[in-house]
Amino acid sequence: MRPDDPLLKILVCPLDKGPLILDAEGCALYNPRLRRRYPLIDGIPQLLPGSGEPVSDEELAALSTLPTAH
């Protein structure tokens, strides 16, 4: 998935229904409000509530510099 992918405009977090941000490596979608990351497997977003994983404080610092999707 690329940062300019139109799919990013319609994908939302399964928990709070808010927008997601593509991480710098393009391998996960990030929800800054809940500090959760959803992996992309073979380019397919894994957006089930149970597939999200918490983001550590170290990772949070790197992710907080990403531009928002909306």
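The values are calculated or read from the model by the stated rules, or taken from the named source; none is laboratory data. Everything numeric in this text was worked out from a predicted model, so none of it was measured. We place every Cβ from the backbone using ideal geometry, glycine too, and count neighbours over all the protein chains shown.
Some points to look at:
- Any hit, the stretch 35-45, residues being closer than 15 Å to Ala62 by Cβ, touching a helix residue (DSSP H, G or I) at 6+ places or on another chain (Cβ under 8 Å), aromatic (Phe, Trp, Tyr) and in contact (Cβ under 8 Å) with a residue 24 or more places away in the chain: no
- Just one residue in the set Leu47, Leu22 is surrounded by 14 or more Cβ atoms within 10 Å (Cβ to Cβ) and modelled with pLDDT under 95; that residue is Leu22.
So that you can scan it fast, the table gives a plain yes or no per residue for (1) in a strand (DSSP E or B); (2) hydrophobic (A, V, I, L, M, F, W, C):
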| position | (1), (2) |
| --- | --- |
| Pro3 | no, no |
| Leu7 | no, yes |
| Leu15 | no, yes |
| Ala24 | no, yes |
| Tyr30 | yes, no |
| Arg33 | no, no |
| Tyr38 | yes, no |
| Leu47 | no, yes |
| Gly50 | no, no |
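- Residue-level check: of (1) of a type outside the set (Val, Ile, Thr); (2) in a loop (DSSP other than H, G, I, E, B); (3) modelled with pLDDT under 85, Ala62 misses just (2).
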